[in-house]
Every structure is written in C-alpha cells, then in structure tokens.
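The values are calculated or read from the model by the stated rules, or taken from the named source; none is laboratory data. Being a predicted model, the structure only gives us computed values, none of them experimental. Cβ: placed from backbone, ideal geometry, glycine included. Neighbour counts: every protein chain shown.
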Amino acid sequence: MTRVSVVIPTYNRAPTLPRAIESALAQTIDDLEILVVDDGSTDDTASVLATYQDIDSRVRPVVHATNQGANVARNTGIEHARGEYLAFLDSDDEWQPEKLERQLAALEDRSDEWIGVYCDAGFELSGASGRVQRVAASALSNADTEPTREGGEELIGEILADNVQPGAGSTLLVETAVAREVGGFDEALERFQDPEFCLRVLEHGNLAYVDSELVQREPTGHPPAAVIEQASEQYLSAYAAAVDRFEAEGYDIRATHHLILAKRFLAEGHPLKAAWHLRAASVSARHVPGLCWSAGAGIRRRPAAMLLPFVVLVVATVVGVGALSSRLRATV
C-alpha cells in the first residue's frame, strides 16, 4: 500500500498549481501518490497536468466535468486514494520538503489512538501592506493563554473557539480509513469546513502537532461576509451541545465567531452590520490591529459608507456634550 496520498483540489489555478505539485514531489519521502482533482477548470490546468504525468507517474489527475466546489473535489480525492494516510494541499499553497516526513515521525512512536497530525503554516507577505499584516498576525498570535494543541476531547473547545486551527486544507495528515469513515468534508459548508472536518476526525482518535511552519500559504480572497455568516450559523448549530459545554468551561466560542464576522463586514465596508456583531464579540487589545486593518480595507472599498457612521457619531457626541453643558450652566 502507498504510504501517503496527497490530494490537491484545483480550479482555474494553472499559474500556481505547478508550485503545489513541485512541493509534493520534493518531499523527502518517496512512497506517495499525488491526486490532483481538476474541478472543471477552463484554463490551462489540463496542459499542466499532462506535463506532470509525463514527468512523474506518481501524479494522477482526476477530472470533474463541471465545477462542484473544493469540498466535493477533496472528497473525490478521498474516494480515489490508495494510501494509508491522506494529506491535503490547496493548489495555491506549498509544502516544505520535510513536511510529510516530520508528520509521519510524530506519529511513529504513538499508540493507535493517534490518527492524524497537523503543523503550522505561514504566509508570504511582502511590501508595506505585508508588514502591516505581519504586525496584526503577530498580535493575534499572542494569546492570553497558550492553547492545548494536541490530543482528543481537549482539542474540541480550542478548535471551536478558533484558538487552534488545524487547517485540514493544507496542514493535516490523517489516516485514510478515518477520513472515509467520517464522510469526508461537509459539501454544504462554504466556510469553516476545515475545523468541522477535524472535529469529526477527533471523534475517532487524537491529533498530534508539529510545532513548525511546514506549509507556505498564498493569501487568497474570502467568500462574501454574508456567506461566512451563514456558514458560521450552520457550523455552530451543528455543534450546539459542544459549544454550550465548552462555553460553560470558559471558552469564548460564539463571541469569537462574532469577532470574525465583524472583521469581514468591516473589510467589505458594512460598518453597521460589523457593529452589530462587534457588540457581542470577544475583543481584547491583541485584536485591535486586525480590526483596524479590516476597517482600513473597508474604507478603501466603500469610503462613504464607512465614514458616514463615524461622522454621525462625532456630531452626536458634540451635540450631546453641548446639551449637557447647557443643562449644567442652567443649574448653576
């Protein structure tokens, strides 16, 4: 049996796909196959895959006739996998050469209860905007307490609260049999599909953690904030009992999701919708840079819509202070 099946879902990413495939082929373990699921691409993806098939027989394309979405493509990869383990890789990300070797080593001396392992990922950010994003990311990484990063039941609350992000799309290595038993990725979710998949994996065993950035991510766009909002409701509703239990233990789960949504609505230039979520969000000083970055993105996108509420707030404050001063003078 092949040791690892690498699943790369792709759609119209011919320019970035070679980088992902090359990083999989460059792994320090040879016993692998690379399943590239072409999800109905209309660009030069077919030509890219034909070239790699000629170069290395470990590359196996699987083609969808129509575009069905990344979760469906990942599940197609799970269905076709021949390996003992599955490792997912987004087609605009890349791995460090030792990624799979180090993850397999992390599982080697553990019991059968340990069925998967994830690692950290980093973003390649350049220029002035990249420096600002790095500052924001650094602030966000300085959590008030260090989260639990591996285990079983104890990981569930951390994942629901977004304290730990296993990132199944590019960082996770998991037993193929388990991925099939849990039913693969939820094809109805357009966001939070990675943590949701990991929560179901945890029902079957433990996840280990390699404390290294073994994945390089390419910053990509987000679904519309309204889509993320709907997905958040689906996700939290599906795990309502666990959310209630871990919130009773002190985890900020719903409040964290409100913060995520507030930032997305800010970035889209919808301050009133953002404010609605922000009122219920869990916000500390470390979140301020991210909120400021999101607000800046929103101002650039919809300056009038973003600035008007602030003008109204300033005017209301001035009028309120003036009225209060008048009343105070009248009582003197």
- prompt: Filtering the stretch 140-194 down to residues that are in contact with a strand residue (DSSP E or B) (Cβ under 7 Å, 6 or more places away or on another chain) and in a helix (DSSP H, G or I), which residue is surrounded by the most Cβ atoms within 10 Å (Cβ to Cβ)?
  reply: Ala179
The stretch 59-77, residues that are surrounded by fewer than 21 Cβ atoms within 10 Å (Cβ to Cβ) and charged (D, E, K, R): Arg60
query: Which ones in the stretch 271-300 are surrounded by fewer than 21 Cβ atoms within 10 Å (Cβ to Cβ) and over 21 Å from Ala161 (Cα atoms)?
result: Leu272, Lys273, Cys292, Trp293, Ala295, Gly296, Ala297, Ile299, Arg300
query: Looking at Val210, is it closer than 27 Å to Asp120 by Cβ, in the same structural domain as Gly184 (by TED's automatic domain parsing) and either among the β-branched types (Val, Ile, Thr) or in a helix (DSSP H, G or I) (or both)?
result: yes
field: Close pairs from the stretch 18-32: first more than 15 Å from Val215 (Cα to Cα), partner surrounded by 14 or more Cβ atoms within 10 Å (Cβ to Cβ) and at pLDDT below 95, Cβ under 7 Å, at least 6 apart
entry: Asp31/Thr2; Leu32/Thr2
- prompt: Restricting the stretch 78-101 to residues that are more than 18 Å from Glu22 (Cα to Cα) and not β-branched (Val, Ile, Thr), which is surrounded by the most Cβ atoms within 10 Å (Cβ to Cβ)?
  reply: Tyr85
task: Kindly list the number of the only condition in (1) part of a loop (DSSP other than H, G, I, E, B); (2) within 24 Å of Gly221 (Cα to Cα) that fails for Arg110.
output: (2)
query: Restricting the search to the stretch 1-49, which residues are in contact with a Ser or Thr (Cβ under 8 Å, 6 or more places away or on another chain), over 16 Å from Glu94 (Cα atoms) and of a type in the set (Gly, Ala, Ser)?
result: Gly40, Ser41
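Kindly provide the set of residues from the stretch 162-177 that are of a type in the set (D, E, K, R) and modelled with pLDDT of 95 or more, ordered by number. Break it down into steps so the answer makes sense when it comes.
Taking the stretch 162-177 and keeping what is of a type in the set (D, E, K, R), we get 162, 175.
Glu175 - this is the single residue of the stretch 162-177 that is of a type in the set (D, E, K, R) and modelled with pLDDT of 95 or more.
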query: Can you name every residue in the stretch 8-24 that is surrounded by fewer than 19 Cβ atoms within 10 Å (Cβ to Cβ) and of a type outside the set (Ser, Thr, Tyr)?
result: Asn12, Ala14, Pro15, Pro18, Arg19, Glu22
Per-region count, the stretch 30-82, residues among the hydrophobic types (A, V, I, L, M, F, W, C), over 26 Å from Met1 (Cβ atoms) and in contact with a Pro (Cβ under 7 Å, 6 or more places away or on another chain): 2
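Let's see how each residue does on (1) touching a residue at least 40 places away in the same chain (Cβ under 8 Å); (2) out of contact with any Phe, Trp or Tyr (no Cβ under 8 Å at 6 or more places or on another chain); (3) not hydrophobic (A, V, I, L, M, F, W, C):
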site: Ala50; (1), (2), (3): no, yes, no
site: Gln53; (1), (2), (3): no, yes, yes
site: Val63; (1), (2), (3): no, yes, no
site: Arg74; (1), (2), (3): yes, no, yes
site: Gly77; (1), (2), (3): yes, no, yes
task: For Ala267, state whether it is aliphatic (A, V, I, L, M), within 26 Å of Leu236 (Cα to Cα), under 19 Å from the mean Cα position of the chain (by Cα) and assigned by TED's automatic domain parsing to the domain that holds Glu229.
output: yes
message: Step by step: first the residues of the stretch 222-265, then only those that are of a type in the set (Ser, Thr, Tyr), out of contact with any Phe, Trp or Tyr (no Cβ under 9 Å at 6 or more places or on another chain) and not in a loop (DSSP other than H, G, I, E, B), then the one that is farthest from Phe185 (Cα to Cα). Which residue is that?
response: Thr256
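This table checks each residue for (1) at pLDDT 95 or above; (2) of a type in the set (Lys, Arg); (3) assigned by TED's automatic domain parsing to the domain that holds Pro289; (4) under 25 Å from Glu98 (Cβ atoms).
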| site | (1), (2), (3), (4) |
| --- | --- |
| Gly116 | yes, no, no, yes |
| Cys119 | yes, no, no, yes |
| Glu124 | no, no, no, yes |
| Gly127 | no, no, no, no |
| Val132 | no, no, no, no |
| Ala139 | no, no, no, no |
| Asp144 | no, no, no, no |
| Glu150 | no, no, no, yes |
| Glu154 | no, no, no, no |
